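What follows is a short report on a single structure.
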Amino acid sequence: MTWIIALVLAVAAFAVGVIAFRLPRTSWTSLAAALVFGLTGYTLQASPDISAAPKSAAQEAYSDDWQIIDSRKTLIYGPLASSSDTVLVADGFARRGSFENAAGFYGHVVAENPRDFDAWVALGNALTEQADGALTQAGLYAFREAARIAPENPAPAYFIGLSLIRQGRMMEARQVWRGALEAMPQEDSEDAQAARAFLSQRVERLETMLAQAGAIPAPEPEANEPQ
């Protein structure tokens, strides 16, 4: 039954793209391929033959507690931010928790423009959210494609690290995040400084928590700090 629902959603997403957004006929094949990609991610992330447990009303009303979209917009700025209107549509689906549809639209964007860094990151997030925050082969592939386009931007590494945290793999997440922070170029723009501050704060919070748990050494006190 879950497979039937997934297929119906894919067909509905195709209809929205063709009818509501009037995509040209030349784009239909790419959109269909993107939806197949999303369904492939679903098969890697879910167990479609197992009945889902009943969800409470609170669970059914999706809440972006991890601030996936807002964090992406903070970390991706300037020419790396997508100019595609389809990404905005997909973001709308993602904000409502409809990640199957979102993945289909993000996939359409990268099929049309494989250099769209923002869309690759967003696709990785949508596929990861379909798996309740767990990294999958499909999601990791999307993040790696993004990292290949802009290796100095921390967004792919940030979301990989976030997924590791959600799986309880804190030390691995720390390594990924710190590596991404150290790889960021020094830029003077307001957007670049905001992205660096965003990641730096999260690295600091994670390391503070790990130090309190005794997993890593506590940071050395500043030289002018009283002993």
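The values are calculated or read from the model by the stated rules, or taken from the named source; none is laboratory data. Source: prediction; values computed, not measured. Ideal geometry is used to build each Cβ from the backbone, glycine not excepted, and the neighbour counts take in all protein chains shown.
Before moving on, here are some points about what is shown:
- Taking first residues from the range 98-121 that are under 19 Å from residue 79 (Cα atoms) and partners that are of a type in the set (S, T, N, Q) and in a loop (DSSP other than H, G, I, E, B), the Cβ contacts under 6 Å between residues at least 6 apart in sequence or on separate chains come to 109/84; 116/82; 118/82; 119/82.
- Just one of (1) free of Cβ contacts under 8 Å to residues at least 12 places away in the same chain; (2) closer than 14 Å to residue 126 by Cβ fails for residue 87. It is (1).
- Residue among 164, 88 that alone is out of contact with any Pro (no Cβ under 9 Å at 6 or more places or on another chain), under 30 Å from residue 212 (Cβ atoms) and surrounded by fewer than 24 Cβ atoms within 10 Å (Cβ to Cβ): 164
- Every condition in (1) assigned to a loop (DSSP other than H, G, I, E, B); (2) surrounded by fewer than 18 Cβ atoms within 10 Å (Cβ to Cβ); (3) at pLDDT below 95 holds for residue 114 except the one numbered (3).
- Among residues of the range 195-219, those that are in a helix (DSSP H, G or I) and β-branched (Val, Ile, Thr), counted: 2
- Within the range 117-142, if we keep just the residues that are charged (D, E, K, R) and assigned to a helix (DSSP H, G or I), the residue that is modelled with the highest pLDDT turns out to be 118.
- Boolean, residue 147 is out of contact with any Cys (no Cβ under 7 Å at 6 or more places or on another chain), at pLDDT 95 or above, surrounded by fewer than 24 Cβ atoms within 10 Å (Cβ to Cβ) and hydrophobic (A, V, I, L, M, F, W, C): yes
- Scope the range 153-168; condition closer than 15 Å to residue 118 by Cβ and more than 11 Å from the chain's Cα centre (by Cα); matching residues: 153, 154
- Of all the numbered requirements in (1) surrounded by 14 or more Cβ atoms within 10 Å (Cβ to Cβ); (2) part of a helix (DSSP H, G or I); (3) free of Cβ contacts under 8 Å to residues at least 24 places away in the same chain, residue 182 misses one, and that requirement is (1).
Each row is one residue, and each column tells you yes or no for (1) closer than 13 Å to residue 76 by Cα; (2) of a type in the set (A, V, I, L, M); (3) out of contact with any Phe, Trp or Tyr (no Cβ under 6 Å at 6 or more places or on another chain).
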site: 129; (1), (2), (3): no, no, no
site: 137; (1), (2), (3): no, no, yes
site: 186; (1), (2), (3): no, no, yes
site: 194; (1), (2), (3): yes, yes, yes
site: 210; (1), (2), (3): no, yes, yes
site: 215; (1), (2), (3): no, yes, yes
site: 218; (1), (2), (3): no, yes, yes
